[in-house]
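One structure is given here, and the rest of the page talks about it.
The values are calculated or read from the model by the stated rules, or taken from the named source; none is laboratory data. Not measured: the values here are computed from a predicted model. For neighbour counting, all protein chains shown are included, and Cβ atoms are generated from backbone atoms with ideal geometry for every residue, glycine included.
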Amino acid sequence: MKRQIPLLITFIVGIVMVVQYFIPRQPFAGLFDTFNQWFLIIAVFALILGLMNLVRLHVQKLRRMKGGWGYSIVLLCGLVGTIFTGALWGIGTGSPFNYIFVNIQQPMGATMFALLAFFIASASFRAFRARNLDATLLLVAAVLVMIGRVTIGALIWNKLPHIAEWIMLYPNLAGQRAIMIGIALGTVSYSLRVILGIERTYLGGE
Amino acid sequence: MILLFLIASLSISAYDTPNDAGSSITLKFSSSLPFISGEVMRKNSDGEFERMASICSSDSSWMDNFTVDGVEYFYKIVLTTEEGIITSETVSAVSSPQWFHKGRTIMLVMVILVCGFILFFIREARGGKELYVRPIAGIEALDEAVGRATELGRPIMFITGIMDMDDLQTIAGITILRRVAKKAAEYEAQILVPTSRSLVMTAAQETVKEAYYDAGRPDIFNPDNIFYLTDDQFGFAAGCDGIMVREKPGAIFFMGSFYAESLILAETGHSTGAIQIAGTAMPSQLPFFVTACDYTLIGEEFFAASAYLSRDPLQLGSLKGQDWGKLIFFALIVVGTVLMTFGITVIRNILMVR
């Protein structure tokens, strides 16, 4: 029963979601949004589980004075402080919660995002080393696209921007579309396996 | 005579909006004369005309989304031009909901066709037919990666992406996690699973627990190794990077839905010297993983991984059906390209989803 009921729910919901896509009238219209709302409600309640897990692990770390326990203090203070400021003074513009979000959370997120520029440089350096024919082709294509997409490219040779555009529009787009078709078919196949109960590993079974 | 000409230059038609849930009528109109302002008027069978909306000269249609199904509504358009006010003829329509979205017919045909192939090969496999599936290096390297981490005495890190359980890629990631966790349990290696969603955390905890039971090592299962970090995209990336730098995992798996954080994670993992295997169906992130990881499961390979690993004939049958679906798409692309080259648009028109 522990396995059968979830499998039955998956089957019914899966079939209903496929059918609703092709039937625009009620009661099928709006079913997708309704199910999404149900999922959001469950996810919000599940967030409590996540928070409890986070707090428990860091309290344990503090108790055992594990390496890096100081960071656990920062995390717990940040968590409790943010919750309290939000609960006591609201989350509107000018509130302490908003101040924390705009002046701490957002800059830290932006800092992480900015690291991407350096990571792209280091990854490109490795990828573009001409070790074999494939890597050499990649290097040539990358150089043409990079130079063709900056102003100096047109000054060097006025056909470079067109070559860059051609590489992006034809070989690149063709490859991307081939991957997209594969992904779409893989999604259909995987969904069918889940709906029919052939794939049940996510439920904890083989 | 001038008035008759003006009326003739303003045409209007009304019809039930197609492929909808009802309660909607579409008006199409065109005027050969420029006008200063225009108004759509509506009445039902026993009422007076009421103003419903204003239109401008660039408009050619208007949708009335406030109708009662089964009731006949009458419409006319009143335009103010430099010559004076002109009124269109009165047209009527009745709204009703549809049972089938005709614009998606081709999609239904394709779904039935692909599903038909998949079900056919599943049946074949059930009948005991041997099915060949090409080797996928990334999947075959899963065990090798776990083994290497064990030899080095380092933990294994498994990241299921940043999306929730409603994303198919997360579910596919969880199925691969089971296989990796079972291998880790057999080798007595430690597996760390940071998650960015609470539901994923609970699903991953259950999956890893079952894997340890299957391997006959429930005694070494530690639920604290599968933990929640944060829902925030870059907060999660920072947390994972920190774990990579501190714990120095021997093998890192990225299996799921990733966005801008993919390269941040993969490059940090690469700098720690870990063997890295990624799998995702996000085309924009694939180049990053290909560059920074040792093996990458590209799109469909990622979804095929669980079937490939299980060697279950039913699951392998579905992969075979999927390949036949691909063959159909390939044939359509070739035929469509040749026809389009000669200006014949029949295939394109059939395949267009409205």
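Applying the condition of being over 29 Å from B:Glu267 (Cβ atoms) and among the hydroxyl-bearing types (Ser, Thr, Tyr) to region A:85-121 and asking which residue is nearest to the chain's Cα centre (by Cα) yields A:Tyr99.
Criterion first (more than 25 Å from A:Gly30 (Cβ to Cβ) and either outside any helix (DSSP H, G or I) or within 12 Å of another protein chain (Cβ to nearest Cβ) (or both)) does B:Ile112 satisfy it?
Numbers: more than 25 Å from A:Gly30 (Cβ to Cβ): no; either outside any helix (DSSP H, G or I) or within 12 Å of another protein chain (Cβ to nearest Cβ) (or both): yes.
When the stated conditions are applied, B:Ile112 does not pass them.
Inside region A:27-54, residues that are assigned to a helix (DSSP H, G or I) and crowded, with 16+ Cβ neighbours inside 10 Å make up a count of 6.
Go through region B:306-344 and report how many residues are part of a helix (DSSP H, G or I), closer than 17 Å to B:Ile122 by Cα and not basic (Lys, Arg).
Looking only at region B:306-344, we keep the residues that are part of a helix (DSSP H, G or I), and these are B:306-310, B:313-341.
Subsequent filtering for residues that are closer than 17 Å to B:Ile122 by Cα retains B:306-310, B:313-326.
Add one more test, that the residue is not basic (Lys, Arg), and what stays is B:306-310, B:313-319, B:321-325.
Counting residues in region B:306-344 that are part of a helix (DSSP H, G or I), closer than 17 Å to B:Ile122 by Cα and not basic (Lys, Arg) gives 17.
Taking region A:137-206 and the helices (runs of 4 or more DSSP H) fully enclosed by it, the elements with 3 or more residues that are surrounded by fewer than 19 Cβ atoms within 10 Å (Cβ to Cβ) and either of a type in the set (Lys, Arg) or within 14 Å of another protein chain (Cβ to nearest Cβ) (or both) are at A:173-195. Scanning region B:319-335 for residues that are farther than 27 Å from A:Ala174 by Cβ and either within 9 Å of chain A (Cβ to nearest Cβ) or aliphatic (A, V, I, L, M) (or both) turns up nothing.
Against the conditions (1) farther than 25 Å from B:Ser262 by Cβ; (2) at pLDDT 95 or above; (3) surrounded by fewer than 13 Cβ atoms within 10 Å (Cβ to Cβ), A:Pro107 satisfies every one except (1). Suppose the filter is of a type outside the set (A, V, I, L, M, F, W, C), part of a helix (DSSP H, G or I) and either crowded, with 22+ Cβ neighbours inside 10 Å or modelled with pLDDT under 90 (or both); does B:Thr296 pass it? When the stated conditions are applied, B:Thr296 does not pass them. Just a yes or no: is a residue in region B:248-259 under 24 Å from B:Asp294 (Cβ atoms) and either part of a helix (DSSP H, G or I) or modelled with pLDDT under 95 (or both)? For region B:248-259, residues under 24 Å from B:Asp294 (Cβ atoms) and either part of a helix (DSSP H, G or I) or modelled with pLDDT under 95 (or both): absent. Looking at region A:114-136, can you tell me whether even one residue there is β-branched (Val, Ile, Thr) and more than 10 Å from chain B (Cβ to nearest Cβ)? Looking for residues that are β-branched (Val, Ile, Thr) and more than 10 Å from chain B (Cβ to nearest Cβ), one finds at least one in region A:114-136, hence yes.
Can you tell me which residue among B:Ser31, B:Ser95, B:Ser60 is surrounded by 15 or more Cβ atoms within 10 Å (Cβ to Cβ), out of contact with any helix residue (DSSP H, G or I) (no Cβ under 7 Å at 6 or more places or on another chain) and under 28 Å from A:Ala29 (Cα atoms)? Break it down into steps so the answer makes sense when it comes.
Details: B:Ser31 fails: under 28 Å from A:Ala29 (Cα atoms); B:Ser60 fails: surrounded by 15 or more Cβ atoms within 10 Å (Cβ to Cβ).
So the residue among B:Ser31, B:Ser95, B:Ser60 that is surrounded by 15 or more Cβ atoms within 10 Å (Cβ to Cβ), out of contact with any helix residue (DSSP H, G or I) (no Cβ under 7 Å at 6 or more places or on another chain) and under 28 Å from A:Ala29 (Cα atoms) is B:Ser95.
How many residues are of a type in the set (S, T, N, Q) and more than 17 Å from A:Phe119 (Cα to Cα) if we restrict to region B:234-264? Outline the logic, then answer.
Step one: of region B:234-264, the residues of a type in the set (S, T, N, Q) are B:257, B:262.
Add one more test, that the residue is more than 17 Å from A:Phe119 (Cα to Cα), and what stays is B:257.
Final tally of qualifying residues: 1.
Out of A:Gly68, A:Gly50, which single residue is over 30 Å from A:Ser191 (Cα atoms), of a type outside the set (Val, Ile, Thr) and at pLDDT below 95? Please lay out each step first, then the result.
Working: A:Gly50 fails: over 30 Å from A:Ser191 (Cα atoms).
It is A:Gly68.
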